[in-house]
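A short worksheet on the structure shown next.
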Amino acid sequence: MKTINKIILGIGLIGITYSCTDLEEELLGDLTSDFSLEGISTGGSGGGGDALTGVFNAVRNAGTANHGGYFSVQSVSSDEMAITQKGGDWYDGGIWLEMHRHTFTPANGPVTGTWSQQYGSIAEVNNAISNAGLDANQMAQAKVVRAYLHWRLMDLYGNIVIADGSGSSNQSSRSAVFNWVEGELLSALGMGSSFDLSGLSNSSLGTNDVKYRINQYSALGILAKLYLNAGVYTGTERYSDAAAAAGHIIDNGPYSLSDSGISVPNLGKRPAVSSDPDNLVGYAAIFAPNNENNPEIIWSVEYDEATAGGMNFHHMTLHYASQYTWNFEAQPWNGYVALEEFVNSYEAGDDRRKANFIAGPQLDYGGNALVDLASDSPTPEIVYSIGINELEPNGARTGGYRLGKFAFKQFARPNLDNDYPIVRLGDVHLMHAEATARAAGNWALALPEVNAIRARANVSALSSLTAEQFLAERGREMFQEASRRTDLIRFGKWNDSWWEKTNSDAYRTVFPIPSEQLTANSSLSQNTGY
Amino acid sequence: MKLNLLKLSLAFTIAFSGMLSAQQVSGNVSDETGPLPGATVVVQGTTTGVVADFDGNYSISASAGDVLVFSYVGYTAQEITVGNQNTINIVLQSSNELEEVLVTGYGSQQQKEITSAVTSISAEEFNQGAINDASQLLQGKVAGLQIYNRGGDPNAGTVIRLRGLSSLGANISPLVVIDGVVGASLNNVDPSDIESYTVLKDASAAAIYGSRGSSGVIIVTTKSGGVGAAQLTYSGQLSSSSILNQIDTMSPQEFIASGGRDLSSQTDWLDEVTRDAFTQIHNVSATGGNGKTNYRVSANLREAEGILLNSGFDQFNTRLNFSTTALDDRLKIDFNTSFTQRDQKNGFKESMRYATLYNPTAPVYAVDAPYAFNGAQFGGYYETLGLFDSYNPVSIIKQNLNNGERRELNYGINLTYDVSDNITAYFRSARQSSDYANRVYFRTTSLWNSSNDYGGADSPVRKGAAEFYENNSEFQLNELYGSWKKSTDDMNLVVTAGYSYQKENYNEAFFALGDFPGDEIDYIDAIEYSQDLLNAGNVIANSGRNPDTEIDAFFARVNLTWNNNFFLNASIRREGSTRLGADNRYGTFPAISMGADLAPILGLSGVQQLKPRISYGVTGNLPGQVGLSQEIRGWSWGGGGSAGGSTNLLRAANPDLKWEEKTELNFGIDLTMDRLSATLDIYEQTSKDFIINRVVDAAVYGFDRRFENAGQLSSNGFELSVNYDVTDNYNTGIVLSSNKVVLDEYVQDSDKFGNLGAPGQNSTWVTRVKVGEQVGQIWGPVWDGSVTNGSQNFKDVNGDGELVVGQNNALDDNVDFDVLGSGIPDLEIGWSNQITIGDYTINAFFRGAFGHSLVNTFRAFYEPRVGSQKSYNYVNTELANPEIKNANFSSLYVEEADFFKLDNLTISRQVNDNMNLSLNVQNAFVITDYTGSDPEPALFDLLDGNPLAPGIDRRNSYYSARSFTLGINYKF
């Protein structure tokens, strides 16, 4: 019996041992909140970086230069480009057709995704602001980035939630968001409650040329954008302030226009082709794969094929077979095309036309014609035509010039190396010219700067200027820089008809609040008209 | 009971005292129809036992006063005390079905005592033929148990679901319990080693398993040791399979006539990538024992080919079940172990997909190309370069490798100790480990590979890729429980209570790299030569480890039988888990059920049982993943390799995450008559607080998704099974079931799922859920039958004069969409027939499902005569409309997929006592209007497992097969 008792005792003990289990769950294969705070506050464990890395990664991750997010909604909804439905390809539930035709609904995927993307990035900035132990300069930079992301949201959706880290989910009116964004920028610029350039001496922001970080000039550039569109946002125009902010950058910043002339970038680094995407000049150099030190760039988002992925214009726009021109590692998607009317707004001799578009017959690396066996034309050779037969359903597979501004390098990987400028001097000149002209009610005042920009592109100077001409010039210069939608709205052209788009209602100047978010946050109300 | 025990101890005494005067006792064991070869005769309480021979004759040495126990499977054992006689002839009675003992949770009960929805299936009722997956033995046999294995992939997992959808978590398959081991893997039990299944269908039966029983429980009992000298049995099967059904495409001539691009060859692509596949199965088992110590050991070898080239597996499995007794037979020790080694060739299902849509005039090999083509770069194969999603299917399947290796090991011990006459203590400890490793190699000359992250043969700088994947899971179980029995003249009471501890963990690792020098060898075995190692960012690697997931549970149960015809069962389980939010780790799961046998009360003649019963129970459901209550972050480096890095939120925390809870009410009635038995169950389930990854306010949480308890499902259904002996030689049985699931609450009024995908149909969602309506709706525009300019015209469904058919309007009130079908069948049927003619037995098993539809995605993508698709073949079923030139999802591509099939036909012949031969056909014929390859329901989205998107026949299917199998069973 003793043995038996021992067995029973033993079994009982095993049971008791296990029953005192602590059910705490400590994750082993995932980073949790504990880690994130530590990682940022120590300035990046393992890499020796600075505490702002997360802040600037957040901008890169906010759909800045890839398919489906901020870039796409700003551009495809405008008259510069479209994603045509190419038979069985790119219908995608009609989301891009309705984006282009302004028939988007609150359930539209890109409209929904762009909202979440911006707030996700804002959350990262807020995380750094509260937990990364930022010094005054870093704090000012982080707040400028946060204000910039709110500007995007306010520009797109109008009445949004200000995510200042307080956890409030209340919706603010567009003008309240405008005031908050302005206040944040002014405060970072040392200006107190109203715009006053003399306050810059109090600013924690620096003045040195740091492309991937925020200095006073990048903050002023964002402020200029905000003021230039103030009439749209609040009903109160701020052109003088916009001109002053831009003018200060031009007069004091360590920047110059990327030198004159433009090389033709996009034939690839093929044998017997002289242009080399690694060695571009002038306008084309601003967007080249090695544009990180271009003198015109004030603030850019860093992209890198290996360590900072997220730019894939080559996949977004080129025909599948164009893989063989640049020897890409992966096949492109044959999506985005430039609109004929937009391309035709460039004069024949405008070098920007060559730089911005990929056109005509396409050759492989060895110089042989590329073919498309599934093409609906009788000859299978691929020729990007300026005209596009239709937006849907059977847009030609080779219809439309392709987006070539950000030059592709030979052997490019799925992610490109080109940095994406958010504030650059060329844009600042145009903002300055426009704001000055509008403030004075005289477009002729914009002529000197417009002509300087035109001279670089090898087109003759204009002797007079209308608002319409100015908008066209701005379009030619700023193509593929996610500016067109905002510009069209400011010039009152957004609701016009073009190509396969008919007039759209005035309320379409702001996107609908995503229906998912309306469900998740009962304090949100939908924009008028939707 | 006390009296019996007295008898027993008396018998012991006599047995021991009689040892000195042994004598030879012989005789014959038979039933009403004839001798019972193989019946066992054991001297009770000793190790002495023999087996009756072919004529039922036996001879055993016993002494006066010994008790001889005569037994045979399916018959009631008889005990005879030896007197002076030398001959004892016995006629055994086939055991009463009502007294059949069913294994239930933490114990067993006689069939008549069961008061919840429980079905038992024994080996004779299993599906026959070359069955490699244990669950397929049961397919169609249990009402309410859905077992589907769409297509013919020998390595594909089987989908098992009981009583429809009761959770949205990952835990939607029933819990498997093998020989008492909770959560055991069906992958490690060879189908030929299974003795019986018990399926616990309702919550009251499953509640004793608490959180893991929410989707029902399948209890597997493996074959155990016999008595007597070692009995060696061999069974073997040889099987041949070929493609059953494929989707119709155009012939080369039709293709050219339709404007397809003629590439001057004629190729039947599907024929090029498929084959007649052979399978062989060999099982050897030995059983023996002496009544105290018994064993069964088996070895099972399976070599199965799939109909797709380079797919199939080789598997070796062995199992040992050993039991013995100690401490005067009061302690019983059972030891079980099983091991499986499986080497699988997974092949590439994509090859079948591209075989369906590749240009039928394209040549297989580059030498036959109609224009100059550099075949060397593509391994000698032709490729239509520069097209989206177009790859030579033969190149895919012949050039590349996709091989997996699985190892499973279980071992466990059960101790059963009779503490006293009415108290028994049980201890169980079991371990299970499972390892899977997969190697994929894309040759440098393969244009196709599985990821955009690899370079293909057309990449000038980066070709070839190798993938390594490994996972390992460990599970351990420790349980201690006891039972106490109390019997009086009119009452039987059993109380069981105990503790269960379960711990599991899981880890996995993956990496991929490529850019190899050539194909002289398979560089998967020489990855040090990958150029990716020199180029930052090209090597892909990830790994993960789950923390130990622990479950701590206490349970208790009472079984009460009153007057032998009133039955009450009640149980409760309190359970805690690491997977839930800090504030809600513990849950309590009660159950009660009762029933009464009216047959004796009403004095019905010819009716052995008429038992209405009612049951109610609560079960929980754990989230399928770990850490759902916690915040998760990702890491990204700063860019340029220079500047540190940062984290970003991937999931917001929810410390309030709690148990999903299912309640179920079940009414049933069991009827047993001489020739007829029938069971009917009607049930209602409600699952509340189900856990989903829902959209939250992005501005507040910084991320737009987190896991919340946010919804409720309810379902109801019925199950009927009837078995009838039509004649002495013909038995037929039918099972019927139906189930409807309604979404009661959800985070929003409606939602859409089931994205069709590229090309061109991203953001085309083909299923919808809506609060208050049934789950499983296929949702989209309705084609009115006319075509304008190559596009379908749609109906103005709501008749408001405005046609709203944009996918982004799918959930709007004014949308002209309609429910185009249900992904889930209304009615499922299994119909078994067994006919005996002389030595021959014919088993014909028919199976059908009705009321479900499938989205035929092959048609939706490739049937429209899209102009820019001229170098892809067109799907060309009888439903094709050549005027449609534009791919738009609509009712046209949703087909009713009702089917009725002769699933399994077996003719077997008992050649002699030792040998049985059989011929079997699986998938003999299918009656259906569905134009796709397989009309079996898709219970969830086959791409991402989403249970709210059933009914989509995806393009990644592996076409189904018909098999012919020759089987032999031989006892040595």
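So the values come out like this:
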quantity: For chain B: rounded, prolate or oblate by the Cα gyration tensor [a/c cutoff 1.5]; calculated: prolate
quantity: Calculated FRET value between residue B:122 and residue B:784, using beta carbons and R₀ = 41 Å, to 0.05; calculated: 0.15
quantity: Separation of the residue A:525 and residue B:912 label points, Cα + 7 Å toward Cβ, nm; calculated: 9.3
quantity: Cut-off under 5 Å, modelled amide H: who pairs with residue A:280 long-range; calculated: none
quantity: Computed FRET value (nearest 0.05) for residue B:55 with residue B:108, which takes r as the C-beta separation and R₀ as 30 Å; calculated: 0.30
quantity: DSSP beta bridge pairing in chain A, given as percent antiparallel to the nearest 5; calculated: 95
quantity: Fully extended contour minus Cα-Cα distance, from residue B:929 to residue B:601, at 0.36 nm per residue; calculated: 113.0 nm
quantity: Estimated [θ] at 222 nm from DSSP helical runs (n ≥ 4, -39500 (n - 2.57)) normalised by residues in the protein assembly as shown, nearest 500; calculated: -5500 deg cm²/dmol
quantity: For A:180, A:326, order by how many other beta-carbon atoms lie within 10 Å, fewest first; calculated: A:180, A:326
quantity: Estimated distance in nm for a label pair at residue B:774 and residue B:745, the labels positioned 7 Å out from Cα along Cα-to-Cβ; calculated: 2.5
quantity: Number of partner chain Cβ atoms within 10 Å, mean per residue of A:407-418; calculated: 2
quantity: Relative contact order %, chain A, counting alpha carbon pairs below 8 Å whose residues are six or more apart; calculated: 18
quantity: Over 21 Å (Cα to Cα) - which of B:398/B:463; B:223/B:332; A:86/B:870; A:409/B:463; B:662/B:752; A:225/A:354 fall in this group; calculated: B:662/B:752; A:225/A:354
quantity: Computed over the protein assembly as shown, Cα set: Rg, Dmax in Å; calculated: 37.2, 134
quantity: Inter-label distance, nm, simple model (7 Å from Cα along the C-beta direction), residue B:675/residue A:377; calculated: 7.9
quantity: Rounded, prolate or oblate (a/c below 1.5 giving rounded, otherwise prolate when a/b exceeds b/c) for the range B:886-949 by Cα gyration tensor; calculated: prolate
quantity: Tensor-based shape of the range B:220-286 (alpha-carbon gyration tensor, a/c under 1.5 rounded, otherwise prolate or oblate); calculated: prolate
quantity: Using alpha-carbon coordinates, inclination of helix B:2-17 to the longest axis of chain B, degrees; calculated: 70
quantity: Set of lysines near residue B:141 by C-alpha distance (under 17 Å), chain-local residues within fewer than 8 positions excluded; calculated: B:201, B:901
quantity: Relative contact order of chain B, defined on C-alpha pairs under 8 angstrom at six or more residues apart (%); calculated: 11
quantity: Fully extended contour minus Cα-Cα distance, from residue B:944 to residue B:533, at 0.36 nm per residue; calculated: 144.8 nm
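All of the numbers you see were taken from the coordinates with simple rules; none came from a lab. For clarity, every value in this text was computed on a predicted model and none was experimentally measured. Note: ideal-geometry Cβ built from the backbone for every residue, glycine included; neighbour counts use all protein chains shown.
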